[in-house]
Every structure is written in structure tokens, then in C-alpha cells.
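Q: Handing you a structure now.
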Amino acid sequence: MKYKVVIIEDNIPLSEAFAEVIDASPNFEVVAIYDNCEDAIKNLRKDCAKLFLMDIELPGMNGVEGTKEIKKVFPKANIIMVTVYENSNVVFEALCAGASGYLTKNLQPNELIDALEECTSGGAPMSIKIAKMVVSSFQKKPSKIELSNREKDVLLQLSEGNSYDSIAEHLFISKNTIKFHLKNIYIKLQVNSNIEAVQKANKENLL
């Protein structure tokens with residue numbers, strides 16, 4: 001059975017070229033092409049795809065916001081950003097939103113298929129230039145914010161999309177204890193929600 005792929009790209013010739021390459025591969029097939037996130041989100045359950053090629057700059061909702069919305073419905077969806085941008089801020093905004101990888105639009109056909117294969121194997125495909133940006137980010141000064149190991153454990157579980165029940169079972173703690181840790185995390189990070197906490201922790205290199 002082939003993996004279903006949805007393409008969200010407002011450059012129609014490019015999306016059709018991607019589709020031609022993907023449909024010619026043995027393991028993947030394109031089930032839908034959209035030129036905006038809104039239509040793609042409306043049809044998520046109908047398309048039932050777990051792989052997405054997503055442009056960043058789209059009319060209406062941009063690719064970063066679209067990624068967040070798709071992950072709300074399908075937390076385990078693999079979303080690969082495909083764009084001309086190689087700006088580090090855009091890269092991290094996309095990755096923090098839940099993107100599984102980030103490629104540039106000048107990639108070769110075999111690189112596209114390799115990226116899809118890597119995603120389905122649990123990897124995070126990135127162009128060489130973007131990978132270097134990610135590596136260099138780890139060389140930033142350590143954060144002044146200090147979280148306990150248990151607080152980091154809770155945040156890491158949340159960043160992976162786990163529920164409170166699942167976190168409690170995995171960490172052998174009660175849901176009330178989780179809420180206690182989250183209260184402290186919110187105060188330390190100066191945020192008001194789980195999503196903001198994960199984003200801030202990623203930005204501060206705390207996870």
C-alpha cells in the first residue's frame with residue numbers, strides 16, 4: 001500500500017511537477033493538491049494523508065499556521081516544508097510548529113523521494129544549508145531560564161503530543177503533579193499555555 005501525500009502549494013506548475021515525481025515512485029501517491037491551507041484543512045479527514053508537502057508563503061493562512069492546524073487533527077502527520085526561504089527564523093518557526101523537515105524548492109526529483117522515505121522512517125529531512133543552520137543554533141548561549149529535570153520531562157512529553165494521562169503513565173506521576181509542574185513552568189517561562197511553553201522552551205534551547 002502506498003503512502004498518501006497531500007501537496008499544499010500555490011505555484012501550480014511546481015505542485016504538478018512534484019505530483020508527477022511522487023506518483024511515479026513505488027511507495028507514494030498524491031491524493032490531493034491545494035493552493036491554500038484552508039481548503040486542505042477542510043478536507044483533512046477525507047484525504048486521510050499522513051504526509052504533506054507544505055509551502056511557507058501561501059495566500060491566507062501561511063504554511064507555519066497551517067502546520068499547527070494540521071498537527072491538531074493529526075498529531076503524527078509528517079509535514080515537510082518546501083520553500084525558497086532559508087532564513088533561520090523561518091526555519092525554526094516551522095520546526096517549532098511541528099514540521100518534520102524543511103527543503104528548498106530547487107531540490108532534485110530523487111531528493112524529494114528520498115525526503116519522503118526519510119520521513120516515513122522517522123527521520124527529519126533537511127537541505128544541507130538548513131541542517132547547518134540547525135547545528136549552529138545549538139552553539140547559542142545557554143538560556144538563563146532554569147527548569148528542573150522533571151519539568152523538562154513533562155515539557156518534552158507535551159512537545160511530542162502526549163496527553164496528560166499518557167504523560168502520567170510514562171513518568172509514573174499523577175495528573176495533579178503534572179499540573180503542578182506546568183504551573184511552575186508557566187511562571188518560569190512567562191507563558192499561558194502548553195503550546196507557548198513548548199515553543200518558548202525550544203527557542204531557549206531547554207529541550
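The values are calculated or read from the model by the stated rules, or taken from the named source; none is laboratory data. Since we're looking at a predicted model, the values are computed, not measured. Please note: Cβ atoms are built from the backbone with ideal geometry, for glycine as well, and neighbour counts cover all protein chains shown. Quick note on the areas: whole protein, heavy atoms, side chains included, nothing else; ligands and nucleic acids left out. Shrake-Rupley method; radii C 1.70, N 1.55, O 1.52, S 1.80 Å.
Q: Would you point out which residue out of Ala40, Ala19 is touching a strand residue (DSSP E or B) at 6+ places or on another chain (Cβ under 7 Å), open to solvent by less than 70 Å² (accessible area, probe 1.4 Å) and either of a type in the set (D, E, K, R) or closer than 17 Å to Leu107 by Cα (or both)?
A: Details: Ala40 fails: either of a type in the set (D, E, K, R) or closer than 17 Å to Leu107 by Cα (or both).
After ruling out the rest, the residue left standing is Ala19.
Q: Tally the residues that are in a loop (DSSP other than H, G, I, E, B), surrounded by 15 or more Cβ atoms within 10 Å (Cβ to Cβ) and touching a helix residue (DSSP H, G or I) at 6+ places or on another chain (Cβ under 8 Å), restricting the search to the stretch 22-36. Spell out how you get there, then give the answer.
A: Taking the stretch 22-36 and keeping what is in a loop (DSSP other than H, G, I, E, B), we get 24-27, 35-36.
Narrowing further to those that are surrounded by 15 or more Cβ atoms within 10 Å (Cβ to Cβ): 25, 35-36.
Filter once more, so that each one left must be touching a helix residue (DSSP H, G or I) at 6+ places or on another chain (Cβ under 8 Å): 25, 35.
Residues flagged as in a loop (DSSP other than H, G, I, E, B), surrounded by 15 or more Cβ atoms within 10 Å (Cβ to Cβ) and touching a helix residue (DSSP H, G or I) at 6+ places or on another chain (Cβ under 8 Å) within the stretch 22-36 amount to 2.
Q: Something else about it: Is it true that Glu117 is of a type in the set (Asp, Glu) and either buried (at least 17 other Cβ atoms within 10 Å of the Cβ) or at pLDDT below 85 (or both)? Please lay out each step first, then the result.
A: Details: of a type in the set (Asp, Glu): yes; either buried (at least 17 other Cβ atoms within 10 Å of the Cβ) or at pLDDT below 85 (or both): no.
When the stated conditions are applied, Glu117 does not pass them.
Q: Here's something else I'd like to know. Whether any residue in the stretch 96-117 is among the basic types (Lys, Arg) and either within 16 Å of the chain's Cα centre (by Cα) or closer than 27 Å to Asn194 by Cβ (or both) is what I want to check.
A: Within the stretch 96-117, the subset among the basic types (Lys, Arg) is 105.
Keeping just the survivors that are either within 16 Å of the chain's Cα centre (by Cα) or closer than 27 Å to Asn194 by Cβ (or both) gives none.
For the stretch 96-117, residues among the basic types (Lys, Arg) and either within 16 Å of the chain's Cα centre (by Cα) or closer than 27 Å to Asn194 by Cβ (or both): absent.
Q: Return yes when Leu156 is of a type in the set (A, V, I, L, M), at pLDDT 70 or above and under 30 Å from Gln190 (Cβ atoms) and no when it is not. Break it down into steps so the answer makes sense when it comes.
A: Values: of a type in the set (A, V, I, L, M): yes; at pLDDT 70 or above: yes; under 30 Å from Gln190 (Cβ atoms): yes.
Against the criterion (of a type in the set (A, V, I, L, M), at pLDDT 70 or above and under 30 Å from Gln190 (Cβ atoms)), Leu156 qualifies.
Q: Report yes if Ala201 is touching a helix residue (DSSP H, G or I) at 6+ places or on another chain (Cβ under 6 Å), surrounded by 15 or more Cβ atoms within 10 Å (Cβ to Cβ) and of a type in the set (A, V, I, L, M), otherwise no.
A: On the way: touching a helix residue (DSSP H, G or I) at 6+ places or on another chain (Cβ under 6 Å): yes; surrounded by 15 or more Cβ atoms within 10 Å (Cβ to Cβ): yes; of a type in the set (A, V, I, L, M): yes.
Against the criterion (touching a helix residue (DSSP H, G or I) at 6+ places or on another chain (Cβ under 6 Å), surrounded by 15 or more Cβ atoms within 10 Å (Cβ to Cβ) and of a type in the set (A, V, I, L, M)), Ala201 qualifies.
Q: Residues that are β-branched (Val, Ile, Thr): which helices (runs of 4 or more DSSP H) entirely in the stretch 37-136 hold 1 or more of them? If you could, list the steps in order and put the result at the bottom.
A: On the way: elements: 37-42, 44-47, 63-73, 88-97, 109-120.
It comes to 37-42, 63-73, 88-97, 109-120.
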